[in-house]
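Colleague: This is the structure I have questions about; it appears just below.
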Amino acid sequence: MASDDNYTEQTLTAINLWSPSLFSLRCSRDAGFRFTAGQFARLGVRKEDGSVVWRAYSMASAPHDEFLEFFSIVVPNGEFTSELRRLRVGDRLLVAKQAMGFLTLDRFVDGHDLWLLASGTGLAPFLSILQGLEVWQRFARVVLVYSARTAGELAYQPLIHTLMQQPHLQEYAERFAYLPLVTREQVPGCLHGRITTLLDNGELERAAGLRLEPAHSRLMICGNPQMIDDTRARLKQRGLQLSLNRRPGQVAVENYW
Ligand SMILES: Cc1cc2nc3c(=O)[nH]c(=O)nc-3n(C[C@H](O)[C@H](O)[C@H](O)COP(=O)(O)OP(=O)(O)OC[C@H]3O[C@@H](n4cnc5c(N)ncnc54)[C@H](O)[C@@H]3O)c2cc1C
Ligand SMILES: NC(=O)c1ccc[n+]([C@@H]2O[C@H](COP(=O)([O-])OP(=O)(O)OC[C@H]3O[C@@H](n4cnc5c(N)ncnc54)[C@H](OP(=O)(O)O)[C@@H]3O)[C@@H](O)[C@H]2O)c1
């Protein structure tokens, strides 16, 4: 693969459309590209005029996978996603060599229950984390909360529903709870309402069968910045604070814009 000092050129091997505005891309992975589950890379697409547009994307695939996978929105007239959605299998995707980001399990020094709260494409880093072993070895319970506007925008349902059937995860199956949450329509099997609303009325905790408390709970939140701010404010009122290097806490976040 071609490369320069900062990036390598990878080849797209698969594209999956989840909805008119959501799709996944799988590409080859440079042998030297290393990352921790939860991190992101900068992706580049070459435009027709030869210039390259770059954006941050979380890896949705696991660090042990031989390929890289990314989960993307299509922003109407978005500079990057308008180019990305045009790519086809066999086309090139530029991947910066250095993975980045702190939405990783090492943000927490302890904890019993891990809550992963995602809105929209903020699901991506959690797919990577959930497919690895570390999260299952460290936490007694893992709750994935995934909020989308409509049922048709809940992506990756086959993977999530069969996750714990993967041979290396079977022994941990009872630790996992999946709470899909749809905000703009009533859907059987899904909670109805925003993450924030369901935190306020206690429905999230009831559905998970767990209490949110500083001693036991650790939370990762990813996606819409307003959702993250609003959720953090509620958690703070309950004594759950951002985890910083100088002050270990209960919460880690990644804003997508
Ligand atoms: C650390 C990090 C990781 C990211 N990981 C992902 C990822 O895994 N998948 C992904 O699709 N995007 C991800 N993003 C967002 C991504 O970098 C781009 O913003 C996105 O590709 C849109 O690019 P654009 O040029 O088309 O539009 P931009 O000009 O970048 O964005 C225009 C507007 O679109 C909206 N928007 C941007 N991204 C999203 C999104 N993901 N979901 C909903 N609305 C959005 C916002 O309102 C934003 O202001 C991440 C961003 C950061 C900072
Ligand atoms: N999804 C689409 O059909 C679509 C189509 C074209 C363009 N877009 C554009 O793409 C962008 C984002 O689309 P998206 O649907 O992936 O992301 P999103 O707007 O962040 O919505 C994803 C989920 O997060 C919830 N959410 C949003 N703000 C929240 C908050 N403050 N607190 C708690 N929950 C919150 C939403 O609930 P609510 O439903 O209650 O907001 C929804 O369930 C928008 O700018 C939109 O204009 C979206």
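The values are calculated or read from the model by the stated rules, or taken from the named source; none is laboratory data. Computed from a prediction, not measured in an experiment: that's the story for all the values here. Here Cβ is always computed from backbone atoms with ideal geometry, including for glycine, and neighbour counts include all displayed protein chains.
Colleague: Which of the strands (runs of 3 or more DSSP E) found entirely inside segment 50-128 contain at least 3 residues meeting this: aliphatic (A, V, I, L, M) and more than 27 Å from ALA148 (Cα to Cα)? Please lay out each step first, then the result.
Modeller: Values: elements: 52-58, 68-73, 92-96, 113-119.
The qualifying strands (runs of 3 or more DSSP E) are 92-96.
Colleague: A further question on this structure: Picking from GLY78, GLY50, which residue would you name as being within 30 Å of ARG232 (Cα to Cα), of a type in the set (Gly, Ala, Ser) and out of contact with any strand residue (DSSP E or B) (no Cβ under 7 Å at 6 or more places or on another chain)?
Modeller: On the way: GLY50 fails: within 30 Å of ARG232 (Cα to Cα).
Testing whether each residue is within 30 Å of ARG232 (Cα to Cα), of a type in the set (Gly, Ala, Ser) and out of contact with any strand residue (DSSP E or B) (no Cβ under 7 Å at 6 or more places or on another chain) leaves just GLY78.
Colleague: Taking ASP30 as the residue in question, decide whether it is modelled with pLDDT under 95, outside any strand (DSSP E or B) and not aromatic (Phe, Trp, Tyr). Explain how you work it out, then say what you get.
Modeller: Working: modelled with pLDDT under 95: no; outside any strand (DSSP E or B): yes; not aromatic (Phe, Trp, Tyr): yes.
No: the conditions fail for ASP30.
Colleague: For segment 81-132, how many residues meet the condition of being in contact with a strand residue (DSSP E or B) (Cβ under 9 Å, 6 or more places away or on another chain), among the aliphatic types (A, V, I, L, M) and closer than 21 Å to LEU244 by Cα?
Modeller: 9
Colleague: Checking LEU17 against (1) surrounded by fewer than 18 Cβ atoms within 10 Å (Cβ to Cβ); (2) more than 16 Å from ligand 2 (Cβ to nearest atom), only one condition comes out false. Which one?
Modeller: Just one mismatch for LEU17, condition (2).
Colleague: Does segment 7-22 contain at least one residue that is within 18 Å of ALA155 (Cβ to Cβ), near ligand 1 (Cβ under 9 Å from one of its atoms) and outside the structural domain of GLY152 (by TED's automatic domain parsing)?
Modeller: yes
Colleague: Which fully enclosed helices (runs of 4 or more DSSP H) of segment 129-234 have 3 or more residues being away from ligand 1 (no atom under 16 Å from the Cβ), modelled with pLDDT of 95 or more and under 20 Å from GLN250 (Cβ atoms)?
Modeller: Numbers: elements: 134-138, 157-162, 195-200, 203-208.
Fully inside segment 129-234 and qualifying: 134-138, 195-200, 203-208.
Colleague: When you check VAL89 against the structure, is it of a type in the set (A, V, I, L, M, F, W, C) and either in the same structural domain as ALA155 (by TED's automatic domain parsing) or within 16 Å of ligand 2 (Cβ to nearest atom) (or both), yes or no? Outline the logic, then answer.
Modeller: Values: of a type in the set (A, V, I, L, M, F, W, C): yes; either in the same structural domain as ALA155 (by TED's automatic domain parsing) or within 16 Å of ligand 2 (Cβ to nearest atom) (or both): no.
When the stated conditions are applied, VAL89 does not pass them.
Colleague: Scan segment 133-162 residue by residue and report those that are surrounded by fewer than 19 Cβ atoms within 10 Å (Cβ to Cβ) and closer than 24 Å to ILE15 by Cα. Full working, then the answer.
Modeller: The initial filter retains those residues of segment 133-162 that are surrounded by fewer than 19 Cβ atoms within 10 Å (Cβ to Cβ), namely 133-134, 137-138, 140-141, 149-152, 157-159, 161-162.
Once the filter is applied, which keeps residues that are surrounded by fewer than 19 Cβ atoms within 10 Å (Cβ to Cβ) and closer than 24 Å to ILE15 by Cα, segment 133-162 yields ARG149, THR150, ALA151, GLY152, GLN157, PRO158, LEU159, HIS161, THR162.
Colleague: Let me ask you something else. Six or more apart or on different chains, Cβ atoms under 7 Å: show the pairs whose first residue is in segment 223-239 and in the same structural domain as TYR146 (by TED's automatic domain parsing) and whose second is more than 10 Å from ligand 2 (Cβ to nearest atom) and part of a loop (DSSP other than H, G, I, E, B).
Modeller: ARG238/LEU212; GLY239/PRO214
Colleague: What residue, of PHE126, PHE35, PHE67, PHE102, is of a type in the set (Phe, Trp, Tyr), within 20 Å of LEU17 (Cα to Cα) and within 13 Å of ligand 1 (Cβ to nearest atom)? Give the derivation first.
Modeller: Values: PHE35 fails: within 20 Å of LEU17 (Cα to Cα); PHE67 fails: within 13 Å of ligand 1 (Cβ to nearest atom); PHE102 fails: within 20 Å of LEU17 (Cα to Cα).
PHE126 is the lone residue from the list that is of a type in the set (Phe, Trp, Tyr), within 20 Å of LEU17 (Cα to Cα) and within 13 Å of ligand 1 (Cβ to nearest atom).
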